[in-house]
Each structure stands twice: as C-alpha cells, then as structure tokens.
1. For each of B:E164, B:E127, B:E318, count neighbouring Cβ atoms within 10 Å of the residue's Cβ, then give the residues from fewest to most.
2. Provide the descending list of Cα extents for region B:331-426 along its principal axes, expressed in whole angstroms.
3. Just want the answer: with Cβ charges of +1 for Lys and Arg and -1 for Asp and Glu, which residue in B:S117, B:Q171, B:P99 is farthest toward the dipole's positive end in region B:90-177?
4. Just want the ordering: B:V444, B:V439, A:V187, from fewest to most Cβ atoms lying within 10 Å of their own Cβ.
5. Provide the FRET efficiency to the nearest 0.05 for the B:K418-B:D451 pair, computing r from the beta carbons and using R0 = 30 Å.
6. Take the Cα gyration tensor of region B:101-170, multiply each eigenvalue by 5, square-root it, and list the three semi-axes largest first, rounded to whole angstrom.
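Derivation of every value follows stated rules applied to the coordinates shown; laboratory data play no part. Keep in mind the model is a prediction, meaning the values are calculated, not measured. Cβ: placed from backbone, ideal geometry, glycine included. Neighbour counts: every protein chain shown.
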Amino acid sequence: MGAPSIAPSALQSFLGSTGSDSSQETQLLQLALQIAHNLRYQHNWDDIRIHYDSTTRIKSQPPIRPLISGFPPQRLYVHPDEQIEVLQKQKDEGKAGMPDLPREREWVLPSHLREKWSLRRFGEVFNAISTVPPQEDGEALFDDSKRAAHTKEGGDDSMEGAPTNKWRISQPKRLLLATLDDDSTVVYYIVHDGIVKPRQN
Amino acid sequence: MPVATNRQPENVSVPTPSPSTKRPPRPKRKGKNFAQTHSKPLPLETHPLPAFHPSNPISLLRLAYTYLSHLLLAPSSHPIRPYSGYFSTETRSVHVTDPEHARALWEMGFFGKGTLSRSEPSWVERERARLMKDRGGGRKAAEDATKVRREERRMFKLERARVEAERIGRQRLVEEGKLDANDVLDDDEKDSSIEAAETVIEPTQSDALATDHRSPNEALNGIFVDEKTIVNDRTLDESLLQNHDSRTQLLEPKTDATPNTATETAPPSQDDTDLCIQDQEHLQLTLEEAFFLSYGLGVLNIYPSSPPETYFPWSIPEPYTNIELFEFFSQYSHFPPSPTPAVDPDDPFLLNYVAYHHFRSLGWVVRPGVKFGIDYLLYNRGPVFSHAEFAVLILPAYTERYWNTPGGRSRRRVWEQKDWWWLHCVNRVQSQVKKTLVVCYVDVPSPFDVDFDEPFDVGSILRRYKVREFVVRRWLANRMRD
C-alpha cells in the first residue's frame, strides 16, 4: 500500500496562495479567484483582473468583495437596436449573417449560491462601478503574455476600440453575475442597472 | 414429431438476392459503448451465485461449490486500494486529483463533476483540440458539436431578426403611403414561407445526445421540407443542410475524457507529442457525494488538504474518520462557513445528505441540479443514457414538537414560508424541460444531545430523519378532462 495520491489540484494551489484563515474577507477573495480560474480556463477569457478599490465605496457591506473584469472571447451582449443597425449595414454591403462584433471588457460579480441578493445590494454594487471597466486598473491574475501575442496575431485590435462604442456608453451599466455552486458549477447571468429593451431573438 | 417449415406457395417466386441487390454491410459503430463503460452502477464488485437449473444437475454442484467458497473465503466487494481525495476548505468540497480514481468514480455511479467541464472531466481533451485547431487541423471534441449547433441556431435567429425588421420597415412605409399594399402582401408571403422552411429545417438538427432538451417527436416532424421554399432561398437552405451533414460526421467519433481512447478513434498527429498540457481540472465531489462514498459505501478516503504539523516526510497521512467528516461537512455547508463545528439538525448538509442517501439506496443516480434551479436530478441509469426524469426539491419539515416551542422557533434555519408564486415558477421551469417536480420533505429531528468529543454512531443520528416525497403536477381543468 503506497502513499495515497493526494496531490493538490491546480485550483487548490491557486487558491492556497491567499492564506488559510477563514474570515469572511478571505472567503470572498477565494470565491473571486475560483471564478476567475473558471473564466480563464473553461471560457477562455483574456486579461482577467481583480479590483479591490471600487468595492471600498460600498459602505454598507463591510467585507470587501473584490470584483473581476476581463475580456470575453466573443461579445456577450448586443443591444437589439445595435443588432438591427449592424444587420442593415451588412445587407447594404450585400453580405449575409452577422459579422463578429468587437469584444468589450466586462465586469464580473462573484457570488455564491447560498447568498441572498437584494435590489439594494445590487444598487450599491452598480454605484461603485464605472460603465466600462478600466483597462489598466486592478491586478492581473494570470500570466497571459503568450495568449495575448496569439490573439493579436489574429488581427484582433478591439482592446483599444471598445470604449468608443456608443451603445456601450448610452445604455445602462451591466455586469455579469457569476454564481458558484459547491459542485463547481458556475452560472452566469447578465445584470443591467435598469430597464433595457428586450431582444426578440 | 411435427416440424415447422416455411413452405412457400408454389405460385409466388421468391427473389433470390443477387450480388448487385445485396445491401452493403452496415458500418460498425465507432461511438463509445456506454453500456460497457458504465456497466457497474456503484464502485463495488458484486459476486452473485450462479444460476440453478433443475434440469441440469451440474449446475447444483457449481452452485454448492461457489456457495461454500464464499462461506470460507468471502471475496471482497470493495476495491483493494480505496480511492483517495482531499477535503478542500477553500472550495467547500472534496477534490479527487488522481486521474484513475476520478475516472473510476465517474464511470461507476457518475459521482462528481469535472471542474472545468459540463459534467464529465474533459478539459484536457478540449484544450488539446483547441490548440490543434489553432495550429490547423486536429480532432474535434464533443463540445464542438454543441458549438456548431448553437452557431446554426444563432444564424437562424439573426436571419429571422433581419426578415422581421424588413417587414416592419415595409409596414411603416405602407402606413406612410409610399408603398403599394399588394406588393407588401407578396413580400410577406415570401418571408413567411422562408420562415416556415427555416423553422421546419431547424428541428432536424436537434442533437440526439443528452446535451439538448428536445423530444424525439420534433425531429421526426421536421423532416418534411416545402419544395417551394427551396427555390426562393437556396443558399440559406443549402448552407444549413451542409452544416447538418458535417455535424453528423462530428457526432460519430464521440471522444471522451481519457487520452487513451481518443487516440484510438483518430490517428495521432505528430503535434501531439510536443503538446504538454498541465491539467487544470480535477474531479470535484460535493460534500454529500463524498460522505456517501466514505460513510455509505466505504470506498473513499478523504485526507486533509494541508498535512498536519506533526507530519514526517515518510509517514502516511491519516484519512478523516466519519465523525470528523460529519462535523466538518455540516460546518462548511454554509457560506461563509460557520465558525464553530457545531452541528444543527437542519444544516444544509444534513438535509441534502439524507435525501441523497435515500434516493441512492433506491437505485437512482442523483446529480446536482443547479442548472435547473432545483436541488437534485434523478436519473434512471445515468446522464449518458437518458434525460433526468425527476427534479427533486428538498424542504425541511419542522414537524417535531420542539420546533414549535419559542426556543425551537428561533433556532429554525428556514423560517420563511414559501409562497405560491415560487412554487409556480419552479414547476414552470421543470415542465419546460420535461421533468416531473418531486417535493421532498425531510422531517427534522430535535437538536442532538450528543457529545461530539466522544465517538458516536452517525447512523443513529441519520436514522432520526424521515423522508416524504410528493409529486407536483399542474392540473388544468379544461385540458385534462380524461
């Protein structure tokens, strides 16, 4: 009977670097890191950063909940009017289908299934964030130097062009609510700060 | 003795199969044989006695020999080396990192979930497929079939959006008086026929595997295509049909997680050897699954994630006892975890575990159901064989007298009553995905007066719980007359 094979997994080593006290702050930080790991490896997000300073403005929620921001591999949300505009432009140029829209940086709010959210809490989170996550703010979590070079090869220069999208600025703020369950399922929902026109398709 | 013969009547000529009319031999299925991989429902070995045939006296000898050998030297039903995992307090779950153990636990009973996959641990395969695709060529993973199907559905929706936007534009022009109404009617007919063709073609692309939730009837109905529409919009139909053909080819070599079987299905290319991917994934067991494997079956050893202080490099770490697991799991079933390891009888871990143990012992395969907004999904044989039939919702029932006393009332964890709208929402979601809602009431006993410092019998505590199930179905008076 040899020694049992209980080598820690990659996620465990990643989380273990935060320390092992079980205070609420550490728990929230580990939750954020676990969701960041899921985004990076399961959904191939780029340039994932963790932000602490925006959450200090949430005064009524004393434990600081770090927020994540990153680049999804495709655009996550297309406003219906923007969709119609793009389709019309495609038709004018004689092409069919939808072009690949430049991707935009998104906020991610980490949460756990057993937490209860209320409108007030959501409102406070929205008050604390800006419409577009800042490019250079926060701490980068993964060493993506090889991946960044690879995506730039594909002609993807959307990282500079995203903030000038008029749809992003004129619409209400949005974030991605990432809810973790203990069996490692992460469920993502897009949350807007206000009413938005619903999409037909 | 009358012998039954197939006598042909003389005036009917039987066509003899000539070589040209013979059917070509059916190609062998290259897909995975799930019945073979998942032949064992639990990670235990059973040794049944051989069958006894009264007409065959040798079977009696065989039966007696096997029975005596079992009496004298009983074969073990448990694996020689138990599977091992560690309890991760950061993620409130048990991780299994050994690939063989992970594969064994998944195959025998569908325990656990791959951290970076939808259910079965397949991250390394998908990552390899992604990197090979970036380099050009390579094998397709099973998730690519899902991606292609979703892409097709997205294109269909965009085309429908464009057509509807055009129709709205035309209507607006008619109202402003700029367009003739007759022309608009013809255009509308053309659009509706295109839409009908698209909606008819679309269901044929439904995936037969467990990743989609469409009934098989839709696939059969969708085969008919209106001929008129093909003339109108040939390019769109053709592109959809071509995608359909290429997608069926993708479905054939369905790969699974282990690299060994993947190399069997496709010839290995030279790039394989220099692609060294560090596995970022592990098999994650929920607390209830881990406790069932450790306490209920006894096939899993759970170790602490960080070794204790007195750990010498050459000593073997000790797994947790069932009592320690009982306390830790109850403590870590809250978020954030409760600071002291006190066990309340209505802890989420205890309620979930009682229901899990109950359904597992009845033979169901129980999987977490957060994707459908309920607690557990019950599968007849497993997720790879069929869709889940039942969706289980667990509610604590405070029926004992203690919980109605003022002290008991304040100690209840779940004190709010669920209202009708909540039940209606849950039922609506389940009927949408064609599952039956089962509301499972777990009768909670009064708080334990057990001293946790001394060893106690976990079974005596679990025995105090009772489980009652109710199936909830919506009844409509005007539709369900018979």
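1. Details: B:E164 15, B:E127 21, B:E318 12.
Ascending Cβ contact count within 10 Å gives the list B:E318, B:E164, B:E127.
2. 49, 34, 27
3. Value: B:Q171.
4. Details: B:V444 26, B:V439 19, A:V187 14.
Neighbour counts put them in this order, fewest first: A:V187, B:V439, B:V444.
5. Numbers: r = 35 Å, r/R0 = 1.18.
For R0 = 30 Å, the calculated efficiency reads 0.25.
6. Details: eigenvalues 282, 62, 11 Å².
Taking √(5λ) for each eigenvalue gives 38, 18, 8 Å, largest first.
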